[in-house]
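Would you mind keeping the following structure in view while I ask a few things?
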Amino acid sequence: MPERRPTSLFGVRLRAAREAKGLAQDRLGVMIGIDEGCSSARISRYESGIHAPPYPTVQKMAAALGVPTAYLYCDDDRLADLLLKLGELSGSDLERVAAYIMDIRQGAVPG
């Protein structure tokens, strides 16, 4: 089955994350527990916007793709890119970034 172009923001983000991981649609489907016989069609429908997956399925896809779940829904490209980068940080580095952001918001960091 040929892949359809994504028509939803979720579909665009899902396809980008899947392709960045080098995964075929059927492989991603199997990784999240979809039967091999229909996994490609199901992921294709999610990517094209024909169907919206339930949130637990989105969480499984995000985990399999190594992206934050929020990335798949983010409507701002710069913020989506930042979410990907933040998702790669360790817990302690993420805490340091959060503290730095708070310092900026409070004017403690010169602009």
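The values are calculated or read from the model by the stated rules, or taken from the named source; none is laboratory data. Everything numeric here is computed off the predicted structure, so don't read it as measured data. Here the Cβ positions follow ideal geometry from the backbone for every residue, glycine too, while neighbour counts run over all protein chains shown. Each accessible area value is taken on the protein alone, full model and side chains, heavy atoms only, with ligands, DNA and RNA left out. Shrake-Rupley method; radii C 1.70, N 1.55, O 1.52, S 1.80 Å.
Being surrounded by fewer than 16 Cβ atoms within 10 Å (Cβ to Cβ), part of a loop (DSSP other than H, G, I, E, B) and over 12 Å from the mean Cα position of the chain (by Cα), is that true of even one residue in the range 76-87?
Within the range 76-87 (the criterion being surrounded by fewer than 16 Cβ atoms within 10 Å (Cβ to Cβ), part of a loop (DSSP other than H, G, I, E, B) and over 12 Å from the mean Cα position of the chain (by Cα)), the answer is yes, since at least one residue qualifies.
Of (1) crowded, with 18+ Cβ neighbours inside 10 Å; (2) assigned to a loop (DSSP other than H, G, I, E, B); (3) free of Cβ contacts under 8 Å to residues at least 40 places away in the same chain, residue 67 satisfies all except one. Which?
(3)
Check the range 23-34 and report whether any residue there is open to solvent by 30 Å² or more (accessible area, probe 1.4 Å), assigned to a loop (DSSP other than H, G, I, E, B) and touching a residue at least 40 places away in the same chain (Cβ under 8 Å).
The answer is yes; a qualifying residue exists.
Regarding residue 45, is this residue charged (D, E, K, R), open to solvent by 80 Å² or more (accessible area, probe 1.4 Å) and touching a His at 6+ places or on another chain (Cβ under 7 Å)?
Against the criterion (charged (D, E, K, R), open to solvent by 80 Å² or more (accessible area, probe 1.4 Å) and touching a His at 6+ places or on another chain (Cβ under 7 Å)), residue 45 qualifies.
Right, another one. Working only within the range 88-110, note down all residues that are over 18 Å from residue 19 (Cα atoms) and within 20 Å of the chain's Cα centre (by Cα).
Passing the criteria: 89, 90, 91, 94.
Residues of the range 88-111 being in a helix (DSSP H, G or I) and of a type in the set (A, V, I, L, M, F, W, C), which ones?
Within the range 88-111, 94, 97, 98, 99, 101, 102, 104 qualify.
Give me a count of the residues in the range 51-69 that are over 14 Å from residue 15 (Cα atoms) and of a type in the set (A, V, I, L, M, F, W, C).
The number of residues fulfilling the criteria is 1.
Tally up the residues in the range 24-50 that are hydrophobic (A, V, I, L, M, F, W, C) and within 10 Å of residue 11 (Cα to Cα), please.
Pass one, the range 24-50, residues hydrophobic (A, V, I, L, M, F, W, C): 24, 28, 30-32, 34, 38, 41, 43, 50.
Among the residues that remain, those that are also within 10 Å of residue 11 (Cα to Cα) are: 43, 50.
Adding up the residues that qualify gives 2.
If a residue must be without any contact (Cβ under 8 Å) to a residue 12 or more places away in the chain and under 14 Å from residue 29 (Cβ atoms), how many such residues does the range 43-61 contain?
Total satisfying the criteria: 3.
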